[in-house]
Amino acid sequence: MTLLLEMLQVLIVFLSFCGRRIKGQFDCGNLLSNCTCGYVHTVSEDHETTFYQLRGLTVTLLHNATVTPQTLFAWQFRTSPSGQVTRVDPGVNPQLRLVGQVLTINPVDEIVSGMQFRFVTLSSYESKWAEARLGTEPSIQLHGTRRLFNVTISQSIDIGLNAGGVPLPTVYLKIRSEKSSKFVLQRRGLQFGPVNESDDGSYSVKASNCFGDVFQNFTLNVLIGSSIESISEEVRGRCGDTVTLVCIVLGNPQPTITWVFTSSNASLGRNVFTVSLGRSRYQSLLQLLHAEASNRGAYKCIADNGLGDAATNTTRLSLLCMYVIY
């Protein structure tokens, strides 16, 4: 009957805490060996462990020993690996409560953090020590409030990531395409490079530990000097027609595009239209309405965004004009 009552007490305690678990009992994986987070932790005779909980919450310690109603047992603690081993006495330590063979720590705080606990019986069972640690949720900082990083091609940069939390979080990077080989992830740094045009875009960093996930976004703005990808080959037309000259320009930020009629060295501001063909790529159109003989000649396309020298290229316009002689 006594055994049945103890088992019922253990079950009630276990279920009451499971109903309020943050995210369940977590295996910290590669964060620290043999560590768990959450409301319930089991000590073992196989290995020492570390368990984490948030400030003000509760941890229930279970054991895997085989016991009977006649088994004499005790929970012991010490305040450091070299500290004195003391039997848990709820009268002396009000944060430590015993319900049958279950030890409850309530609440977890700085006083409890660093204490080590084990379960022992008179029949020679002795678990390894389990250390309590005050845990915190993960956090990420990126160079203060910066979210936009301007970088030139072939440059390498440090995003300045600082990830924190107890236990230390694992850091993940979410990107739009497979570029992860360029990143070196650390808890206190995110190095990226060398950069090329395809790296331009938005990114998301995730820091994750057993108490949750936190995200931070940033944008790489890859700066590209002006260049001219192509220009219309020699354009042929007839007088009176509408003639269009086309110049494809690359650059970030968007270049200023100017057309110059070389015969008069005059800039042509009217009837010039620029459309975006995607990030860092633009098409400039120069339209000559009712072209006439004086429009014959060379036309220069000039692109400049302040990064390096301006880019230029030239095309020619040939017109066939019919004259009526009276």
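The values are calculated or read from the model by the stated rules, or taken from the named source; none is laboratory data. Small disclaimer: the values here were computed from a predicted structure and weren't measured. Neighbour counts run over all protein chains shown; Cβ positions are idealised from the backbone, glycine included. Keep in mind that these areas ignore ligands, DNA and RNA; they rest on the heavy atoms of the full protein, side chains included. Shrake-Rupley method; radii C 1.70, N 1.55, O 1.52, S 1.80 Å.
Of all residues in the stretch 49-64, count the ones that are under 13 Å from PHE119 (Cβ atoms) and open to solvent by 30 Å² or more (accessible area, probe 1.4 Å). So that I can check it myself, show each step before the final result.
Taking the stretch 49-64 and keeping what is under 13 Å from PHE119 (Cβ atoms), we get 49, 60-64.
Subsequent filtering for residues that are open to solvent by 30 Å² or more (accessible area, probe 1.4 Å) retains 62-64.
Summing the residues that are under 13 Å from PHE119 (Cβ atoms) and open to solvent by 30 Å² or more (accessible area, probe 1.4 Å) in the stretch 49-64 gives 3.
If you take the residues in the stretch 137-151 that are among the β-branched types (Val, Ile, Thr) and open to solvent by less than 60 Å² (accessible area, probe 1.4 Å), which one is modelled with the lowest pLDDT? Reasoning before the result, please.
So in the stretch 137-151, the residues among the β-branched types (Val, Ile, Thr) come out as 140, 145, 151.
From what's left, open to solvent by less than 60 Å² (accessible area, probe 1.4 Å): 140, 151.
On the way: ILE140: 85, VAL151: 90.
The extreme case among them is ILE140.
Would you call ALA311 more than 34 Å from the chain's Cα centre (by Cα), of a type outside the set (Ser, Thr, Tyr) and closer than 24 Å to GLN155 by Cα?
Details: more than 34 Å from the chain's Cα centre (by Cα): yes; of a type outside the set (Ser, Thr, Tyr): yes; closer than 24 Å to GLN155 by Cα: yes.
It is true that ALA311 is more than 34 Å from the chain's Cα centre (by Cα), of a type outside the set (Ser, Thr, Tyr) and closer than 24 Å to GLN155 by Cα.
Those residues that are at pLDDT 80 or above, out of contact with any Ser or Thr (no Cβ under 6 Å at 6 or more places or on another chain) and not in a loop (DSSP other than H, G, I, E, B), I need them from the stretch 162-205; list them, please. Spell out how you get there, then give the answer.
Residues of the stretch 162-205 at pLDDT 80 or above: 162-171, 194-205.
Next cut, out of contact with any Ser or Thr (no Cβ under 6 Å at 6 or more places or on another chain) only: 162-163, 167-168, 171, 195-201, 203-205.
Selection gives ASN162, ALA163, VAL171, GLU197, SER198, ASP199, GLY201, TYR203, SER204, VAL205.
Which ones in the stretch 223-239 are touching a residue at least 60 places away in the same chain (Cβ under 8 Å) and of a type outside the set (S, T, N, Q)?
LEU223, ILE224, GLY225, ILE228, ILE231, GLU233, GLU234, VAL235, ARG236, GLY237, ARG238, CYS239
Would you pick out the residues in the stretch 254-276 that are crowded, with 17+ Cβ neighbours inside 10 Å and in contact with a helix residue (DSSP H, G or I) (Cβ under 9 Å, 6 or more places away or on another chain)?
PHE261
Would the stretch 52-72 turn up any residue that is of a type in the set (Phe, Trp, Tyr), touching a strand residue (DSSP E or B) at 6+ places or on another chain (Cβ under 6 Å), within 23 Å of THR136 (Cα to Cα) and modelled with pLDDT of 80 or more? It would help to see each step written out before you state the result.
In the first step, residues of the stretch 52-72 are kept if they are of a type in the set (Phe, Trp, Tyr); the result is 52.
Restricting the remaining residues to those that are touching a strand residue (DSSP E or B) at 6+ places or on another chain (Cβ under 6 Å) gives 52.
In the following step, the residues that additionally are within 23 Å of THR136 (Cα to Cα) were identified as 52.
Subset that is modelled with pLDDT of 80 or more: 52.
Looking for residues that are of a type in the set (Phe, Trp, Tyr), touching a strand residue (DSSP E or B) at 6+ places or on another chain (Cβ under 6 Å), within 23 Å of THR136 (Cα to Cα) and modelled with pLDDT of 80 or more, one finds at least one in the stretch 52-72, hence yes.
Here is a list of conditions, (1) modelled with pLDDT of 85 or more; (2) over 14 Å from the mean Cα position of the chain (by Cα); (3) over 30 Å from GLN70 (Cα atoms); (4) of a type outside the set (A, V, I, L, M, F, W, C), and LYS128 meets all of them except one; can you say which number that is?
(3)
In this structure, does GLU229 turn out to be open to solvent by 20 Å² or more (accessible area, probe 1.4 Å), acidic (Asp, Glu) and modelled with pLDDT of 90 or more? Let's see the steps before the verdict.
Values: open to solvent by 20 Å² or more (accessible area, probe 1.4 Å): yes; acidic (Asp, Glu): yes; modelled with pLDDT of 90 or more: yes.
Spelling it out, GLU229 is indeed open to solvent by 20 Å² or more (accessible area, probe 1.4 Å), acidic (Asp, Glu) and modelled with pLDDT of 90 or more.
Kindly evaluate ARG236 against the criterion of being modelled with pLDDT under 95, more than 30 Å from ASP200 (Cα to Cα) and not in a strand (DSSP E or B). Don't jump to the end; show me each part of the working.
Details: modelled with pLDDT under 95: yes; more than 30 Å from ASP200 (Cα to Cα): yes; not in a strand (DSSP E or B): no.
No, not satisfied.
For the structure I just gave you, tell me whether SER280 is within 30 Å of SER202 (Cα to Cα), open to solvent by less than 30 Å² (accessible area, probe 1.4 Å) and either at pLDDT 95 or above or of a type in the set (Ser, Thr, Tyr) (or both). I'd like the intermediate steps shown before the answer.
Working: within 30 Å of SER202 (Cα to Cα): yes; open to solvent by less than 30 Å² (accessible area, probe 1.4 Å): yes; either at pLDDT 95 or above or of a type in the set (Ser, Thr, Tyr) (or both): yes.
Taking the combined requirement at face value, the residue satisfies it.
If a residue must be out of contact with any Leu (no Cβ under 9 Å at 6 or more places or on another chain) and either under 20 Å from ASP46 (Cβ atoms) or in contact (Cβ under 8 Å) with a residue 60 or more places away in the chain (or both), how many such residues does the stretch 86-130 contain?
Result for the stretch 86-130: 10.
Sort through THR314, THR244 and tell me the only one that's open to solvent by 20 Å² or more (accessible area, probe 1.4 Å), at pLDDT 90 or above and within 30 Å of ASN196 (Cβ to Cβ). Spell out how you get there, then give the answer.
Values: THR244 fails: within 30 Å of ASN196 (Cβ to Cβ).
None of the other options fit; the residue is THR314.
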